[in-house]
Amino acid sequence: MNSFKVSRRDFLKITGLTAASSSFILGFDLFAQAKDPKSFSPDIFVEITRENIVKIIAHRSEMGTGIRSSLPAVVADELEADWSKVEIIQGYGDKNLGSQNTDGSRSIRRFFDRMRTAGALTGYMLEMAASKRLGVPQSECIRKNTQVIHQKSGRSIPFGDLIMIAAKLPVPDVKKLKFKDPSKWNLIGKQFKNYDMENIIKGEATFGHDIKIDGMLYAAIARPPVVRGKVKSYNQKEVEAMSGVSGSIVLPPPKGSVSFQALGGVAVLANNTWNAFSAKKALKVEWDNGPNGDFDSDEYQKYLSAEVMKKGEVKRKRGDYYATTKSGESYKQSYEAPFLTHLQMEPVVATAEFKDGMCVVWSPTQNPQAVQDAVAGALGIEPKEVIAQVTLLGGGFGRKGKPDYCVEAALLSKQTGKPVQVVWTREDDVKHSYYHAMGAMHLEASFELDKTLPTGLLMRTAFPGISSTFQEGALIDFPTILGMGFTDMPYHIDNIQCEVGKAPAHVRIGWLRSVANIQNVFALASFVDELAVRSKMDPVMFNEQLIGPDRVESKVPDGSEDPNYGESWKKFPLDTSRLKAVLKNTADKFDWNRKLPKGHGKGICVYRSFLTYIAVAAEVSVDSQGNLTLHRFDIGCDCGLIVDPDRVHAQMEGSVVFGISLALMGEMTVKDGAVVQSNFHDAPVVRINEIAPEVNVHLFSNKNIPSGVGEPGVPPVAPAICNAIYDACGVRVRKLPIRKTSLKG
């Protein structure tokens, strides 16, 4: 074999440059193909050591979903590796690993087959090696419990004893691989131990704040209160004279589209976080608030609500909706939703060291490849010169897919010549986020006389788009976002028109768990419930009839450019039989037709998002004073094949709680261009002592291709609650959060 040379960059990748935890030493063994191999690594995701340890790269980020266990478990199952002998290695940013953007509920659906292939390929070569060593046909060799067994003789060889032979074998054509029959899976679809749980419980897991480097400075940044604001002056000498403070640096505002650039402001650097925070508190900054200094979210909501009353840009059209309004009757309603933010448990943090033209960044990021690109752009180097290390995430919800905080750390490290950790406080995280867009939605349905089902449906929406973050001045969002609860509307109606109004952005807009489905499904599902009441039909029956006959829609709906969450419509069609089944099965589990006590009401919502079919049924009560109590939620999920039922169950429970928080109290407001809220006292989330409804999860697993589970459980929660409120007290909630509406009849 050829000799193998290791560059400085490769050495950095092997060692991981981390002093925090050996569990974050990254990269597969680059010496795998040496003449005397210490390990065997035929696939970038798998390595087997002489000690019979199976190392598997987890290239997605762990933020509570269990993905650092689930994807490696697919490899281990196909390989027939003993789960107790598996060591999981967190992947650093590397395009060779495929997409590492842990967002969009796509980790399993995108990489299930790839992980099976990695396991099957490695196992096939180990069988080849065993057959050579034993002098028997490969067909007589099978894998089990991290060893290869010769079936006829019963002789067994641990994987680790085969690596020297296996490393010299040619890598076979993937077409030769044989995959395990699902009936023989040991881990997939079964209960297995979460790899990180014990370390998390013991407090031994490595999160972003746990990174420590000799000589590291801590930075706290006073960022402009208004996006695109900049520093006019500040009390530099006074602050730099404070105890432990080593200096201060002015960061410029973004140029062009804000993208993942640093927001700018004044950074103070100190020897610990206390001194950095104290210095930041002492800063007296005079700001130039720039073009967004007079933005007011209340006034903007009025603009959006007026915008959806006008004809907008057509994004989906079937038949002629406006022609249907010339006879019969119409039903019209409008809905509103506010800005939202993520409020993940761990505020963002990043540590960077720029040295010798390279930058190493440690961060709790959902997308290390975005870290590479953003940091490289800010420093004027190539992405390959940025090593993006990934720690565990204390929650994410989409916020940690936007690496502006990593850019800040990198810029400060370059300017100081030292490692720098940028620490965001909760107040920083609330006031300087990428916010979920506020929006207005207007819906109309046309009916022929005496008909219960509409012949036409008009949907209009207007909201500042995520597109504005990447395209300065953009007024309408990407088709990807419009396909979330809007152009993907699943109802069988002959005449449909979807229109979008123009909405400029004045704050940074970003994706938040379930993205535009939040406001669009709230409006559409609430409207459908109103139509059911108008037609004097049971909501479950009305939804079922509105979905229409069983059909499989395997193409873009009505030329809408809907990208189907980035997947092929043929591979992931809209199957209305599955949508109706999850509706009916969830209603049955909820015991929909049971008699409720006085003052109680029930509501339901069914929708397909992130390629998964979800229904939520809710029971609430409203007393004579208008006090709302949430009693019970049943959430049904058809996400196809399930790898880890326990994690999917947890995601559905978490989706209900997350959805309740958004529905009841989620709201961010802006005055004079600055976000008003700052912490949990004025940006609250539900607490267990305040609200603890019964939550029942029903997983309808099947042989269909795996789809998403992290996000689709959120959108149906708000409309299910609002529909139940109407059933309980006759008050319609058309503006979120619910606390804005008086429920006292």
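The values are calculated or read from the model by the stated rules, or taken from the named source; none is laboratory data. Since this is a predicted model, take the numbers as computed values, not measurements. Glycine also receives a Cβ, built like all others from the backbone with ideal geometry; neighbour counts cover every protein chain displayed.
Mind telling me which of the residues H506, H492 ends up being within 19 Å of K402 (Cα to Cα) and either in contact (Cβ under 8 Å) with a residue 24 or more places away in the chain or hydrophobic (A, V, I, L, M, F, W, C) (or both)? Explain how you work it out, then say what you get.
Working: H492 fails: within 19 Å of K402 (Cα to Cα).
Of the residues listed, the single one that is within 19 Å of K402 (Cα to Cα) and either in contact (Cβ under 8 Å) with a residue 24 or more places away in the chain or hydrophobic (A, V, I, L, M, F, W, C) (or both) is H506.
Would you say V371 is over 30 Å from S526 (Cβ atoms), of a type in the set (A, V, I, L, M), in a strand (DSSP E or B) and at pLDDT 95 or above? Outline the logic, then answer.
Values: over 30 Å from S526 (Cβ atoms): yes; of a type in the set (A, V, I, L, M): yes; in a strand (DSSP E or B): no; at pLDDT 95 or above: yes.
The answer is no for V371.
Does segment 480-497 include one or more residues that are in the same structural domain as V676 (by TED's automatic domain parsing), out of contact with any Gly (no Cβ under 9 Å at 6 or more places or on another chain), of a type in the set (D, E, K, R) and modelled with pLDDT of 95 or more?
yes
Which ones in segment 38-84 are in a loop (DSSP other than H, G, I, E, B), within 22 Å of N199 (Cα to Cα) and free of Cβ contacts under 8 Å to residues at least 40 places away in the same chain?
Answer for segment 38-84, where residues must be in a loop (DSSP other than H, G, I, E, B), within 22 Å of N199 (Cα to Cα) and free of Cβ contacts under 8 Å to residues at least 40 places away in the same chain: there is none.
Conditions (1) closer than 25 Å to M541 by Cα; (2) crowded, with 17+ Cβ neighbours inside 10 Å; (3) among the acidic types (D, E), marked per residue:
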position: E561; (1), (2), (3): no, no, yes
position: K580; (1), (2), (3): yes, yes, no
position: P597; (1), (2), (3): yes, no, no
position: R608; (1), (2), (3): yes, yes, no
position: R632; (1), (2), (3): yes, yes, no
position: H649; (1), (2), (3): no, yes, no
position: E653; (1), (2), (3): no, no, yes
position: F658; (1), (2), (3): no, yes, no
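Report the residue count in segment 220-246 for those that are surrounded by 14 or more Cβ atoms within 10 Å (Cβ to Cβ), among the aliphatic types (A, V, I, L, M) and either outside any strand (DSSP E or B) or at pLDDT below 95 (or both).
Going through segment 220-246 one residue at a time, the tally reaches 4.
Could you tell me which residue of segment 417-467 is nearest to the chain's Cα centre (by Cα), considering only residues that are of a type in the set (G, A, S) and either surrounded by fewer than 23 Cβ atoms within 10 Å (Cβ to Cβ) or closer than 30 Å to T273 by Cβ (or both)?
The qualifying residue nearest to the chain's Cα centre (by Cα) is S433.
From the set of residues in segment 532-577 that are part of a helix (DSSP H, G or I) and within 24 Å of the chain's Cα centre (by Cα), which is nearest to K451 (Cα to Cα)? Give the steps one after another, and end with the answer.
Of the residues in segment 532-577, the ones part of a helix (DSSP H, G or I) are 532-534, 539-547, 557-559, 564-566, 576-577.
Then keep just the ones that are within 24 Å of the chain's Cα centre (by Cα); that gives 564-566.
Working: N564: 32, Y565: 35, G566: 37 Å.
Residue satisfying both the conditions and the ranking: N564.
Quick check on S131: is it touching a Cys at 6+ places or on another chain (Cβ under 6 Å), over 30 Å from A376 (Cα atoms) and part of a helix (DSSP H, G or I)?
Here the answer is yes, as S131 does meet what is asked.
Here's the yes/no breakdown for (1) part of a loop (DSSP other than H, G, I, E, B); (2) outside the structural domain of M197 (by TED's automatic domain parsing); (3) under 30 Å from K230 (Cβ atoms); (4) in contact (Cβ under 8 Å) with a residue 12 or more places away in the chain:
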| position | (1), (2), (3), (4) |
| --- | --- |
| A650 | no, yes, no, yes |
| G659 | no, yes, no, yes |
| H681 | yes, yes, yes, no |
| H698 | no, yes, no, yes |
| K703 | yes, yes, no, yes |
| G710 | yes, yes, no, yes |
| N723 | no, yes, no, yes |
| R732 | yes, yes, no, yes |
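Select, from V540, V533, V528, the only residue that is more than 16 Å from S334 (Cα to Cα) and crowded, with 19+ Cβ neighbours inside 10 Å.
V540
So, in segment 249-293, exactly how many residues are buried (at least 19 other Cβ atoms within 10 Å of the Cβ) and charged (D, E, K, R)?
Counting residues in segment 249-293 that are buried (at least 19 other Cβ atoms within 10 Å of the Cβ) and charged (D, E, K, R) gives 1.
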